[in-house]
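Worksheet: the structure to be examined is printed underneath.
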2 protein chains.
Amino acid sequence: MKDSNELLSRADLDFLLHDWLRVGDLTDRPRFAEHSRSTFDAILDVCADLARDRFAPHNRRSDTEEPKLVDGRVRLNPDVRPALDALAETGLLSATADHQLGGLQLPRVVHLASAAWFAAANVSTYGYAMLTVANSHLICAHGSADQINRFVLPMFEGRFHGTMCLSEPQAGSSLADTMTRARLADDGTYRLTGTKMWISGGDHELGENIVHLVLARTGAETSGVRGLSLFIVPKFLVEDDGSIGERNDVTLVGLNHKLGFRGTVNTVLSFGDGTHQPGGAAGAIGYLVGAPGEGLAQMFHMMNAVRLEVGACAAALGYTAYLKSLAYARTRPQGRTPGAKDANLPQVPLVEHADIRRMLLAQKSYAEGALALTLYCARLLDEQETAPEQPESARAGLLLDVLTPIAKSWPSQWCLHGTSLAIQVHGGYGYTRDYDVEQHYRDSRLNPIHEGTHGIHALDLLGRKTSMQDGAGIEALDEEMRRTIAATSSLGPEVSAHAADLDRARARLVEVTRLLHAHPDPVTRLANASLYLEAAGHIVLAWIWLEQLIALGDRDDAFARGKRSTAHYFRSYELPRVAPQLDLLASLDRTTVDLDPAWL
Amino acid sequence: MKDSNELLSRADLDFLLHDWLRVGDLTDRPRFAEHSRSTFDAILDVCADLARDRFAPHNRRSDTEEPKLVDGRVRLNPDVRPALDALAETGLLSATADHQLGGLQLPRVVHLASAAWFAAANVSTYGYAMLTVANSHLICAHGSADQINRFVLPMFEGRFHGTMCLSEPQAGSSLADTMTRARLADDGTYRLTGTKMWISGGDHELGENIVHLVLARTGAETSGVRGLSLFIVPKFLVEDDGSIGERNDVTLVGLNHKLGFRGTVNTVLSFGDGTHQPGGAAGAIGYLVGAPGEGLAQMFHMMNAVRLEVGACAAALGYTAYLKSLAYARTRPQGRTPGAKDANLPQVPLVEHADIRRMLLAQKSYAEGALALTLYCARLLDEQETAPEQPESARAGLLLDVLTPIAKSWPSQWCLHGTSLAIQVHGGYGYTRDYDVEQHYRDSRLNPIHEGTHGIHALDLLGRKTSMQDGAGIEALDEEMRRTIAATSSLGPEVSAHAADLDRARARLVEVTRLLHAHPDPVTRLANASLYLEAAGHIVLAWIWLEQLIALGDRDDAFARGKRSTAHYFRSYELPRVAPQLDLLASLDRTTVDLDPAWL
């Protein structure tokens, strides 16, 4: 690949970051004072080049030569390590961390934009870095100084890698049923025993060590969310001088073989099964992070960021699939348009066909919309962490709470659909492994499943995020949408029409939300939570598209016209989907609840 | 697999064939006089067993060990041939053929039901049989007695296999741009030269010979649909005594490596490139089928049947994915329902969650609806071919014309979505290759592409099938729907409500259809043909579900309750999707038409 513009559009990123989100303004704040537009630009340049040169070239190979278990060791595509090493060398693994930890104190919004390049190029290889960064940030937020020194700094250097060990074979979405146990030993460390499932990056030899963050139960309970704590369980113990010590009792039980995302090794790990016994102890040695019983709270603290990353990865996959199908549609001749059927004329490029354009506009609306939404949320993270005044910070947090399930789920659902449209634009060729889009489709299919399934986020949004604090979250979101709508009065008929459609949908969403929250029976109230998530998602995206229309100002180049056509597409073809969904929610339909499973 | 009920539901097939479509009545007709319900039942039993015992067991292996090119020869999974031989032994390859050709004169509707078992079990292996049967029927309809004897009878016996060679590398959907040439030789045969692409079953050693049906150009034109004729081009020439003769000049150029449907070898073939030169002639020897210039008409004559088969295969894949995810949801414990969060209680099976039920009902509505629609259409084929009076036959043909694009495209779109929901019900496990559903998902993704893409069928439906004969096709369909609606007056509130919703949607469809047909500009008229196809599809399916409600009568067992819940799901969750689609169509939206591709 010669041109990183088959991965993402730099012009779009510049528009979103600068013309819309005005990230340059952040440099007025103390935390970001050493930055400027030019440092932001330089970082994006580096990421685009690195993604194109070191990540994209082995994306297919990591798929066809998926991780293998050879003599009990994980063998990865050998191209993965040099790519991750090159990424570590740039310092991007600690990009958002404090200066005192060697970090760049980069705004999260710029970091997410930089991450999108790698996800577009090779989401599987980038997965290792993403997990390592998430793990590091959790320890930075909740761990001790010693834990940070011993485990985080080597992760920032790319020498150690990190994982998150939450799920178990019997408990995927249901963390209350975690069975892994941690027993306090005399030396103040813990001994862990249990099995963890779906552990990405759970074993490999990409660096010197792997730092597992493990959710385990210290108390006597056998279920429930209380008593769950988080532990650092390294693959190899780390001596006080930072050197690598004994092997800890973390054993690779097996690999999961997946539909896509194959380059990220996915494992079953056994903790404390006696395969390795460091110091003769029974159980894997673990170090408690923060206070006992705080495990879930610590996790959720970092979850917003991780879920945004999943949304951004989904957006990036949809984005590159869109750009590739666009390039194909521009060059591949096929048939003739209606009314111009003279077979003596040459065939026209695919992009001349209305239905192909519809599929391209749909993809563009999903990919650019999803990227914009996740960047908006990352900007809220920056606001939450660095706003000069507490009320702004609190409000950003409130908006983030309500937007995060959408920012994770909407890109996961619609950019997957976008990759399917990218296949369709390619026709039969798109169904072959000679083109990239089928892999993007398979990789994308994971996104509605991991980091909380679609259904889990739906329950989170309707059952918690929109109802907590007496509905403050949905109210804040609604205020933001109304503020945007109010700013459109003098911007011409197309923008006004978009604002009017959004205004109707927004009002209906608020109305239906109140109706649902007022219903006494939680089973009925939540029965169609997934439809609520999807309707709210489309309305939020219509708002994000309106925001972009406003940010275009009176710009009238090809870029601006493309944005306007895409916003028009979204308003005309996509937003109307929500009306029947909200009607169904308002009807308190109990089809699913009243069903006897024996009838299926 | 011990139970064929993980492939399809025999109870549902019996309901559809007997209670609803009353296929037993067909045995009153001379063509089917030797049949009875018991012969139909016996054939379905044989197919269910064979599918379970010989087809399902190697479905995964054909995917993981896809066809390979070894020393210029295609090496297939060795389990494929015994399965096809067993199928041939049952006589099913000539099931619908005339007695005089050794056929069983089975109604097409029963044949399609029998085919669905094999597609559910192993669509890739069944693909070879499907192609062979389609090829045979075309030659039976248009070929000479000698061609039938020489090529068709060995195909019916399973000794020869058949292909359809239409697409070319530069012309997928655009048959007007076919470049393969056929030159009349002195001996009355033709010599073909050209390259054909996407040829399923194009080369292999499953039998003694492969009979290619090749679309080629005899005249001087370089494009256009006139002058296209169809030729039989066997891999090996066949002597007058039926013995295998010289190798013909058909050369395997390469294999296509696909996302799914991997067990069906897909090839690029070169005709007449001089690799083999039978009798020293230049070009592959071909035999004209019927009259010159009739190639497209002959093809379209068999297309209805082939497209129904694609729809039925899509339905079968969606069906087995549904049944497998249902079985999983019934046994896998996961979490607790809202309002019953006591973690001391054991986890409940997935099927207790409303959102899981929603996904199961959606799958059931797609799979059972799609199967019902394709069987209904196959019943129309029988009517077209055997109705005692000409007007009934003509009307069946008219309905088939308008329903076929829907019967191909709707199952392809929605049962693909169903397989995605089947993955989602399985959670992370569904994303692994340890379960079948990811393969069903990949296999299903072909269906909206082959045998005419989604967009091609959309243009066919809106641009031809609904407008031809002054709109007679859509009018006939509308009459059928109104007749069904009229039959519901005394069937209770649920059926009446379904009928009322369908009546509104049907009326709106007719209104929008007229408005579109009246528009003078074909580009504007057809710009959103895909939305028209999708809206018409959902309305037709709401009708098919109403038909099933009526056929249930006052039956009130678990089966009937399941059907009623699923019909209710379809009416409440699915049918409302069409209103915004029809509104957009009525607005004559030109977003896609007015777009300048440079803006993308």
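For the stretch B:453-592, with only Lys/Arg (+1) and Asp/Glu (-1) charged at the beta-carbon, what is the dipole magnitude about the Cα centre, in debye rounded to 20?
140
If you roll a 1.4 angstrom probe over the protein chains with everything in place, what fraction of the accessible area of the stretch A:120-209 belongs to carbon and sulfur, to the nearest %?
That fraction is 54 percent.
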- Item | Dipole in debye (nearest 20) - the protein assembly as shown, about Cα centre, beta carbon charges: Lys, Arg +1; Asp, Glu -1 | 260
- Task: For the protein assembly as shown, report the translational diffusion coefficient in µm²/s to the nearest whole number, using Stokes-Einstein at 20 °C, 1.002 mPa s, and a Kirkwood Rh over Cα pairs.
- Result: 68
- Query: Along the three principal axes, how long is the stretch B:89-182 when you take its alpha carbons, biggest first, rounded to the nearest angstrom?
  - Reply: 40, 35, 23
- Message: Please give me the summed charge of the neighbours of B:LEU230: other residues whose Cβ is under 15 Å from its Cβ, Lys and Arg +1, Asp and Glu -1.
- Response: +2
- Protection-proxy order for peptides B:517-528, B:435-446, each taking the mean of Cβ atoms within 10 Å per residue, highest first: B:435-446, B:517-528
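Using the heavy atoms of the protein chains and a 1.4 angstrom probe, tell me the accessible area per residue for the stretch B:4-155 in square angstrom.
For the stretch B:4-155, the solvent-accessible area averages 36 Å² per residue.
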- Which distances, shortest first and in nm, link A:HIS517 to the matching position in the other copies, using label points set 7 Å out along Cα to C-beta? 5.1
- Message: Along the charge dipole of chain A, pointing to its positive end and built from +1/-1 on Cβ of Lys, Arg, Asp and Glu, which listed residue (A:GLY283, A:SER144, A:HIS519) has its Cα farthest out?
- Response: A:HIS519
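Please tell me the relative contact order of the stretch B:4-155 in percent, rounded to the nearest whole number, where contacts are Cα pairs under 8 Å and at least six residues apart. Walk me through the numbers on the way to the answer.
Details: 136 pairs, mean separation 38.4, N = 152.
Worked out over the stretch B:4-155, it gives 25 percent.
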- Task: Provide the packing ranking of B:60-66, B:282-288, i.e. peptides ordered by the mean count of other C-beta atoms within 10 Å per residue, highest first.
- Result: B:282-288, B:60-66
- Query: Can you tell which of B:LEU296, B:VAL265, B:PRO580 lies farthest toward the positive end of the dipole of chain B, using +1 and -1 charges on the Cβ of basic and acidic side chains (Lys, Arg; Asp, Glu)?
  - Reply: B:PRO580
- Relative contact order, percent, of the stretch B:401-441 when contacts are C-alpha pairs under 8 Å separated by at least 6 residues? 30
- Query: Could you give the nm distance between label points at B:HIS301 and A:ARG464, where each point is 7 Å from its Cα heading toward the beta carbon?
  - Reply: 6.5
- Note on the structure: Rounded to the nearest 10 Å², the 1.4 Å probe accessible area of B:ILE474 is 20
- Message: Charges on Cβ only, +1 for Lys and Arg, -1 for Asp and Glu, centred on the Cα centroid of chain A; of A:VAL109, A:SER173, A:CYS415, which one is farthest towards the dipole's positive end?
- Response: A:CYS415
- Quantify how strongly other chains surround peptide A:434-444 by giving the mean number of their Cβ atoms within 10 Å of each of its Cβ atoms. 2
- Message: I want to verify the translational diffusion coefficient of the stretch A:453-594 in µm²/s; compute it with Stokes-Einstein, Rh as the Kirkwood radius over Cα pairs, at 10 °C and 1.306 mPa s.
- Response: 100
- Query: Which of the helices in chain A, when you take each full DSSP H run, stretch at least 27 Å along the axis at their Cα atoms and have an average Kyte-Doolittle score of 1.0 or higher?
  - Reply: A:529-552
- Query: Non-local amide H neighbours of B:GLU294 (under 5 Å, H modeled in plane, Pro and chain starts lacking H): which ones?
  - Reply: B:LEU230
- What are the label-to-label distances in nm, one decimal and shortest first, from B:GLY293 to the same spot in the other copies, with labels 7 Å along Cα to Cβ? 9.0
- Item | For A:79-88, mean number of other protein chain Cβ atoms within 10 Å | 0
- Item | Inter-chain Cβ neighbour average for residues B:350-356, partner chain, 10 Å | 6
- Summing +1 for each Lys or Arg and -1 for each Asp or Glu, what net charge is found among the other residues whose Cβ lies under 13 Å from the Cβ of B:GLU451? 0
- Correct semi-axes for the stretch A:157-280, from √(5λ) of the alpha-carbon gyration tensor and rounded to whole Å with the largest first, are 22, 21, 12
- Message: Is there a quick way to get the dipole size of the stretch A:4-155? I mean about its Cα centre, with the Cβ of Lys and Arg at +1 and of Asp and Glu at -1; what is the value in debye to the nearest 20?
- Response: 360
- Message: Could you compute how fast the stretch A:4-155 diffuses translationally, taking Rh as the Kirkwood radius over C-alpha pairs and applying Stokes-Einstein at 20 °C with viscosity 1.002 mPa s? Give it in µm² per second.
- Response: 129
- Neighbour-limited loop hits for trypsin sites (Lys or Arg not before Pro), the stretch A:341-406 (at most 16 other Cβ within 10 Å; DSSP other than H, G, I, E, B): A:LYS341
- Query: Hey, how much of the P(r) for chain B falls beyond 30 Å, as a percent of Cα pairs?
  - Reply: 54
- Task: Assuming R0 = 41 Å, can you tell me the calculated FRET efficiency for the pair B:ALA282 and B:VAL523, based on Cβ-Cβ distance, to the nearest 0.05?
- Result: 0.40
- Task: Note the distances from A:GLY274 to each other copy's matching label point, with points 7 Å along the Cα-to-beta-carbon direction, in nm, sorted shortest first.
- Result: 7.4
- Message: Need one number: buried accessible surface between chains B and A, 1.4 Å probe, both sides summed, DNA, RNA and ligands left out, in Å² to 100.
- Response: 7600
- Ellipticity estimate at 222 nm from DSSP helix runs (n ≥ 4, -39,500 (n - 2.57)) divided over chain A, nearest 500: -16500 deg cm²/dmol
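The values are calculated or read from the model by the stated rules, or taken from the named source; none is laboratory data. Quick caveat, the model's predicted, so the values are computed rather than measured. Please note: Cβ atoms are built from the backbone with ideal geometry, for glycine as well, and neighbour counts cover all protein chains shown. These area figures cover heavy atoms from the full protein model, side chains too; ligands, DNA and RNA do not enter into them. Shrake-Rupley method; radii C 1.70, N 1.55, O 1.52, S 1.80 Å.
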